[in-house]
Amino acid sequence: MADDTIKLTVDGQEIEAKPGQTIIQAAQDADVYIPYLCYFPGMKPYGACRMCVVSTEAGGRKGIQASCTTPVAPDMIVETNTEEVADLRRGITDLLMTEHPHGCLTCHRAELCGPQDICQRHVGVTDRCTICPKNERCELKDTVRFMKLDMTSSLNYHRRDLPIHTDDPFYDRDYNLCIVCARCVRACDEVRGDTALSLVSRSGVALVGTSHGTSLLESGCEFCGSCIDACPTGALTERNYKWEKASSRVKTVCANCPVGCEFVMDVNDRNKIVRVSGDLSGEAGHGQACFKGKFGYDYPNHVRRLKYPMVRIDGELQRTTWEVALEAASQGLSQQLPEERGVILSPRGTNEDHYVGQKFARTVLGTNNVDTGLNRSAELLATLAETPGHGTATNPIWGIEQSNCVVVVAGNPTEEQNVLAVPVKKAVRAGASLIVIDPRETELTRYASIWLRPRPGTEITLLGGMARVILDEALENKDFVRDRLDGVDEFKKAIWSFDLMRVSQITGVSEDEIRTAARIYGNGSPASLLHGTDGIVAEDHSDLLAAVMNLALMTGNIGSDGGGVYPLFWGANTQGGNDVGATPNLLPGYRSISSDSHREEMSSATGGTYPRRPGVSVREMAGDGGIKALVVLADGWNPDAAAITSGGLVNPGFLVVSDVFMSDTASRADVVFPAATYAEVSGTITNLERRVQKINPALELRHEEREGWRTLAGLANVMGGSGFEYGSSSEVFEEIRRVVPDYAGLTHARLEGRGIQTPVPDEASRGTEILFVAGESENRLSVVPMAIREPISRRNGEYPFTLGHGRVLMRPEEDIRIVQDERNMNHVERDTWIEIHPEDAADLGVVAGDRVTITAQADGSASPLPETGLIRMSSPHRGFVSVTTLFAEVVTGIQDSDGIDTSPSVRGLPLRQVSLAKAPVLREAGMAAD
Amino acid sequence: MSDGTKPASDELPSSDELRDRSRTALQSQQQPTVTVLSSLIAVQDALHYIPDEAIEETATHMKSTINDVWSVASFYTNFRFTPPGDHTIDVCWGPSCHLNGAQNVMRRVHTELGVEEEGETADGKLTLRYSTCLGACALAPVIAVDHHMKGRMSPDSAAAVVDELKGA
């Protein structure tokens, strides 16, 4: 490969740059500072502030250029700080400063002054840097001070005198401090694809805002905080801990969802996390975050944390010592048979926790009843592990940006795996087609080229129908099919049963739509396929996966840049749990529990004996699976919200819980251990793209809290287990890499600062970005025959309708009212519309605009529903009704909640059985009251 | 959303009606390229102003967001967001008119209309606009009533024009 670096000279120093880089990027890579304000890494060049001007000479042409918009050229000579350039910058800054309080910015005493000091220059108290929330981390201040501006300017400062927006959740917006660099607007539009903010008006009065200045709740904000992280001034700030100063900043990883965004946590001198911001160098998150990560960080700080172990004496949980509590737990567990015991591991748990958890369950408790708390589809994993060989996403998260087509089946990444939706939206912006297959309306349907809305439970048949069209119209990737695939003939034979007319009847999706979608996907290589399991019954998960894999394999969309398959896990470390064997049906390293040689391998590697009898999954353990004694690491586990149990976990007889605070689960326990949170532990976590990342402790433990692995190892030691004498989490990890071949090349030290994607077979390996790349090994892949299936009837006499609960960021076509509560916080008020099939409406005797009451079957596990709604005749299927609510209602719910750990209690969008009845006609006043 | 600036005219169309009329305007655009800007122009041509509902409908129609549409709409001074009066009076204050006493004409028009600035009268019937040049300097000072030019104005003749409009 030709050497395509470009050599140029910056300030007399020769540097190398990549083609296409701008001068400022090349200079930053070479550690040369050029001041800038509107430029922001990861955004397109904007060239608005002109702060980054440099003098350039290339090809005999001299000039002053904005370095953020000028690409590097060979042999270019760049001077970043000549007198001419500095003068120009000072002039520009002078103009800019007329719109921002700057008495302190240009003053040499700024670092010495306190907020209430008498200022000899008469800078108003409200215009001082010392009272600005961003004082310690203000980019504008750093930039201005670099310029060495004069203290006096001939230009006057015009205060805008605008009211500060403090009525939306999480954000404070003070546009008096805005310098209109439009970073926030571009973060929202360009980076996140949302456009919840834009530049309003023109020329001298242009400012950032929303349509008609409405609340962010109505403007389509997903409260990701990307704009706050980008803002160089105090205009946008997080409301919580607004004025807190960080005494240390720790790089770590978010443990709220399987994307695993890299974070920087600001910790103050009182051992509290005061802020979280995306780490721009992060390879999983690319500096992005979401409402859960950016604003859900507060629970480790909470005063009501569990501090000491407790045991239940006379029906009351009472404080005790670790020794007594471990003894009590040990005794309770010992009284049950192995198959009656089980372990549920925290969704936020580290690989170390998960590994020790499964080892404890198997070698000490003698059972395979072990699972991670949000492993909602162990069946899916089993199939994945069998067919392509790895139960995981084949490609990196940001590889989706390279796709020409993206398909999302039965999942809602915008809420459950938020940052995963960012590359999807970016791909769509860049011209990719998006196919959404879901009966519910989700945020991504707004971006979809085509939204297929099958009858619930018929997704598999629909995917089969698409495969049939692809074969009929010869859209398959013939080379890939010939060179890589097994089982093609059987698959083709089976697919003939997918008569399109029949498929259309079953799914309720028209033949035309199925054909269109299949053509988009078939012609859209490279294509990504994201598949969840929302609304699909557990027995169907493996068939859904087979259908998804068949489609991807036939079109060759696997093992290439932008062509891959992504399972939409829920738990933050479900992938790691699977890798290290914290699942009921697989041992570490995807060894099978039914294989004698595999169990023997584990025994000789770790000691102890590994039981053969298959275990049960978290659903059975938490529900009615015949378990009598259960150990639960419950941090971040809300079985209700995740629709795993209804009405919370029932004490199976003897319950040991390790938790962060007295949660619903912990309050039912017989023995309670205080748990350390992900902000206090050292360990590793594996995200959905198989990236193993290091979690670093930001906080010190204050009381007797312990990490999950330490608690379990302690329990194992009391119960007579052997091989649990770990001194630190890196010792646990050393054992993991011995037994999990994919982790063999990883160490804690190697993961410091940068995650690596498994498999990493040895220390020389730099990880594996994409699985199943052609020619890498003899890997042949198989397609699996599938059969057309009749829809399962969810019908239930008393609750005849299946309700699909959708949720979107904005509904411009609806009348939404923003109202304020007694604390002056904004809320949305809107009518709930119930989409119903016209024939069902006729049966019910209702017409469009009628009000009906909704009663849901008491399954206890689903999201709260509105009690009434107005009828709209737009459901595509008989027996299917749908309601779409606003994401704003979720965030205001979090804002109003007095819960400690709010992120896990955000409920998913399950399908529910409901009944509808025409509501009695109310007078106008009465209607407004509800 | 605020609608407090709307004049209290007795026959304001309902929100649903505004949506319907906006939608009709949006869908009947004939040109080959439909943009946010062309859509806003179409709405203003049909409704003579751009209500909140039209911003929202344009966002839906263009698969954009309300903020994006508002960004475009608020950029151009020619878009208006409140219903105009039944008649519009443009008063020119360009250099020629200014030298010929436009200030006095303007002051008198303000008094007659009972307004202090550009905008609608309290009853919402008449709209006053300032113009930097109506292009009829030879007739300065000029005013225009519903785009019909009236030249060589004096404060008194301007008052007569306003009176006539009020009666209409």
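Roughly how tilted is helix A:708-718, in degrees to the nearest 10 and between 0 and 90, from the longest Cα axis of chain A? Around 40 degrees separate the two axes. Provide a whole-number value for the mean count of partner chain Cβ atoms within 10 Å of the Cβ atoms in peptide A:194-202. Average neighbour count from other chains, rounded to a whole number: 6. For the residue pairs A:LYS44/A:LYS242; A:LYS44/A:LYS141; A:LYS141/A:LYS251; A:LYS272/A:LYS307; A:LYS242/A:LYS307, alpha carbon separations beyond 20 Å are given by A:LYS44/A:LYS242; A:LYS44/A:LYS141; A:LYS141/A:LYS251; A:LYS242/A:LYS307. Which of rounded, prolate, oblate describes region A:388-567, given a ≥ b ≥ c as roots of the alpha-carbon gyration tensor eigenvalues and a/c under 1.5 marking rounded, otherwise prolate only if a/b is larger than b/c? Note, shape of region A:388-567 comes out rounded. Once the Cβ-Cβ distance of A:GLN820 and A:ASP161 is raised to the sixth power relative to R0 = 22 Å, the FRET efficiency obtained is 0.50. So which residues in region B:68-84 end up with at least 10 square angstrom less accessible surface once the other protein chains are there, compared with the chain by itself, probe 1.4 angstrom? Residues losing area: B:ASP68, B:TRP70, B:SER71, B:SER74, B:PHE75, B:THR77. In chain A, the portion of solvent-accessible area held by carbon and sulfur atoms comes to 49 percent [1.4 Å probe, whole percent, DNA, RNA and ligands not counted].
Using Cα pairs under 8 angstrom and six or more residues apart, how large is the relative contact order of chain A, in percent? Computed value for chain A: 13 percent relative contact order. The shape of region B:87-167 can be summarised by an equivalent ellipsoid whose semi-axes, obtained from the alpha carbon gyration tensor, come to 19, 12, 12 Å from longest to shortest. Divide the volume of the convex hull around the Cα atoms of region B:15-75 by the residue count and you get 71 Å³ per residue. Residue separation of A:SER728 and A:TYR175 scaled by 0.36 nm, minus their Cα-Cα distance, works out to 194.2 nm of gained length.
Taking a quarter of the surface of the Cα convex hull of chain B gives a mean projected area of 10.8 nm².
Against the compact-protein benchmark of 2.2 N^0.38 Å, the Cα-based radius of gyration of the protein assembly as shown scales to 1.03. Per residue of the protein assembly as shown, the DSSP helices (runs of n ≥ 4 H) give a summed -39500 (n - 2.57) that works out to -8000 deg cm²/dmol at 222 nm. Separation between the A:ASP298 and A:ASP29 pseudo-spin-labels, each 7 Å from Cα along Cα→Cβ, expressed in nm? With each label placed 7 Å out from Cα toward Cβ, I get 4.2 nm.
Burial of accessible area (probe 1.4 Å, heavy atoms of protein chains only) in region B:45-63, relative to its chain alone, reaches at least 20 Å² for B:ASP52, B:GLU56, B:THR60, B:LYS63. If you add up the charges near A:ILE470, with Lys and Arg at +1 and Asp and Glu at -1, over every other residue whose beta carbon is less than 12 angstrom from its beta carbon, what do you get? After counting each charged neighbour, the total is +2.
Report relative contact order for region B:87-167 in percent, whole number only (criteria: Cα-Cα under 8 Å, sequence separation at least 6). Once divided by the residue count of region B:87-167, the mean separation gives 41 percent.
Once the Cα-Cα distance is subtracted from the 0.36 nm per residue extended length, the A:VAL847 to A:ARG61 segment shows a gain of 275.6 nm. Straight Cα distances below 14 angstrom link B:LYS166 to the aspartates and glutamates B:ASP86, B:GLU112, B:GLU120, B:ASP123, B:ASP146, with same-chain residues fewer than 8 positions distant left out. With the cut-off at 1.5 for a/c, could you classify region A:151-216 from its C-alpha gyration tensor as rounded, prolate or oblate? In terms of gyration-tensor shape, prolate.
Diagonalising the gyration tensor over the Cα atoms of region A:42-104 and scaling each eigenvalue by 5 before taking the square root yields semi-axes of 25, 15, 8 Å, largest first. For the peptides A:489-502, A:800-813, residues were scored by their other Cβ atoms within 10 Å and the scores averaged per peptide; the highest-first order is A:800-813, A:489-502. Calculated on the alpha-carbon coordinates, the convex hull of region A:739-820 measures out at 401 cubic angstrom per residue.
Using a 1.4 Å probe, what is the accessible area per residue for region A:801-929, in Å²?
42 Å²
Taking Lys and Arg as +1 and Asp and Glu as -1, the other residues whose beta-carbon sits under 10 Å from that of A:PHE291 total 0.
Taking every protein chain into account, the accessible area of region B:15-75 amounts to 43 square angstrom per residue (probe 1.4 Å).
Among A:750-759, A:55-64, what's the highest-first ranking by average C-beta atoms within 10 angstrom per residue?
Going from most to least packed, we get A:750-759, A:55-64.
The calculated P(r) of region A:801-929, using every Cα pair and 5 Å bins from 0, goes 2, 9, 18, 21, 20, 17, 8, 4, 1, 0 in percent. Axis angle, to the nearest 10 degrees, between helix A:322-334 and the longest C-alpha principal axis of chain A: 30 degrees.
Near A:LEU155: Cβ cut-off under 11 Å, other residues only, Lys/Arg at +1 and Asp/Glu at -1. The net charge is -2.
The alpha-carbon positions of region A:487-620 define a convex hull whose volume is 169 Å³ per residue. In this structure B:GLU118 has an accessible area near 90 Å², from a 1.4 Å probe over the protein heavy atoms. DSSP beta bridges confined to the protein assembly as shown are antiparallel in about 60 percent of cases.
If R0 equals 51 Å, the separation of the Cβ atoms of B:LYS63 and B:ARG152 corresponds to a calculated FRET efficiency of about 0.45. A simple spin-label model places the labels of A:THR747 and A:ASN523 5.4 nm from each other, with each point 7 Å out along Cα-to-Cβ. Interface of A with B. Using a 1.4 Å probe and counting protein heavy atoms only, the two chains hide about 1800 Å² of accessible surface, both sides summed.
Surface listing: A:ARG737, A:ARG702, A:ARG823 arranged by accessible area from highest to lowest gives A:ARG823, A:ARG702, A:ARG737, probe 1.4 Å. Taking a ≥ b ≥ c as the square roots of the eigenvalues of the Cα gyration tensor, an a/c ratio of 1.5 or more together with a/b no larger than b/c marks region A:246-300 as oblate. The aspartates and glutamates whose alpha-carbon is closer than 18 Å to the alpha-carbon of A:LYS18, local same-chain residues fewer than 8 away aside, are A:ASP3, A:ASP4, A:ASP29, A:ASP31, A:ASP75.
The values are calculated or read from the model by the stated rules, or taken from the named source; none is laboratory data. Because the structure is a prediction, the values reported are computed rather than measured. Cβ coordinates were reconstructed from backbone atoms using ideal geometry, including for glycine residues, and neighbour counts include every protein chain displayed. Heads up: the accessible areas ignore ligands, DNA and RNA and are worked out on the full protein's heavy atoms, side chains in. Shrake-Rupley method; radii C 1.70, N 1.55, O 1.52, S 1.80 Å.
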